[in-house]
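Note sheet for the following structure.
The values are calculated or read from the model by the stated rules, or taken from the named source; none is laboratory data. Note that the coordinates shown come from a computational prediction; the quantities given were computed from them, not determined experimentally. A quick note on method: Cβ atoms are made from the backbone with ideal geometry, for glycine too, and the neighbour counts reach across all protein chains shown.
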C-alpha cells in the first residue's frame with residue numbers, strides 16, 4: 001500500500017503572502033513546491049501585461065499542471081501549490097486534483113486586510129522591480145473583486161492564518 005501524500009494550496013487576496021507562506025510550508029512538509037508565477041514567467045516571459053493575460057495563460061497551463069501534480073502525489077510525494085484558490089471554482093480544481101490522486105488536501109487561508117495586502121504589494125515592487133507593471137493598486141482592485149472567502153460548506157480542510165500570525 002502506497003503512502004497517502006498531501007496536497008497543500010493557498011487562498012488569500014493578491015499580496016496576502018501566499019508565495020512566502022508556500023515556501024515555508026514546502027520546507028516544513030518536505031514537499032515539492034510548484035509556483036504558478038514561476039511557471040508563467042518562464043513559459044510566457046513579458047506577456048503578463050494585464051489580469052486578462054494572466055487568466056488566459058493560466059488557463060493554458062492548468063491542464064498540464066493538474067496531470068503533473070496528480071502523478072507526483074500518486075508517487076507519494078507531498079505537493080505545495082503556490083497557485084491561487086481564491087474562488088470557489090479554483091478551489092474545486094484543487095479538490096479534484098486531490099480526489100483523483102487519492103491524496104489528503106489542506107487549504108491555507110491567509111485572511112489579510114486590503115491595507116496590509118497593498119503594503120506588501122508595494123514592498124514586492126521594490127524587491128522585484130520586474131513585477132512593478134502588474135503589482136499595482138489598480139490590478140489589486142481588479143483582482144480583488146473576484147475574491148471569494150472560503151466557506152465551511154465547500155468541504156475543505158482549511159487552516160486559517162490571520163494577519164497577526166503573519167507579522168509575528
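Listing for the model above:
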item: Top-ranked residue of the range 131-153 - restricted to ones that are within 21 Å of residue 41 (Cβ to Cβ) and part of a helix (DSSP H, G or I), ranked as farthest from the chain's Cα centre (by Cα); result: 138
item: Flag for residue 127 being crowded, with 18+ Cβ neighbours inside 10 Å and either more than 21 Å from residue 24 (Cα to Cα) or at pLDDT below 95 (or both); result: no
item: Residue check, residue 91 more than 27 Å from residue 130 (Cβ to Cβ) and either buried (at least 20 other Cβ atoms within 10 Å of the Cβ) or at pLDDT below 95 (or both); result: yes
item: Pairs, first modelled with pLDDT of 85 or more in the range 156-168, second part of a loop (DSSP other than H, G, I, E, B) and surrounded by 13 or more Cβ atoms within 10 Å (Cβ to Cβ), C-beta under 7 Å, six or more apart; result: 156/150; 158/150
item: Residue in the range 80-88 that is part of a helix (DSSP H, G or I), over 11 Å from the mean Cα position of the chain (by Cα) and exposed (fewer than 12 other Cβ atoms within 10 Å of the Cβ) present; result: no
item: Residue count for the range 22-70, restricted to those that are in a helix (DSSP H, G or I), in contact with a helix residue (DSSP H, G or I) (Cβ under 8 Å, 6 or more places away or on another chain) and farther than 19 Å from residue 131 by Cα; result: 6
item: Residue in the range 9-21 that is surrounded by the most Cβ atoms within 10 Å (Cβ to Cβ), counting only those that are out of contact with any helix residue (DSSP H, G or I) (no Cβ under 6 Å at 6 or more places or on another chain) and in contact (Cβ under 8 Å) with a residue 40 or more places away in the chain; result: 18
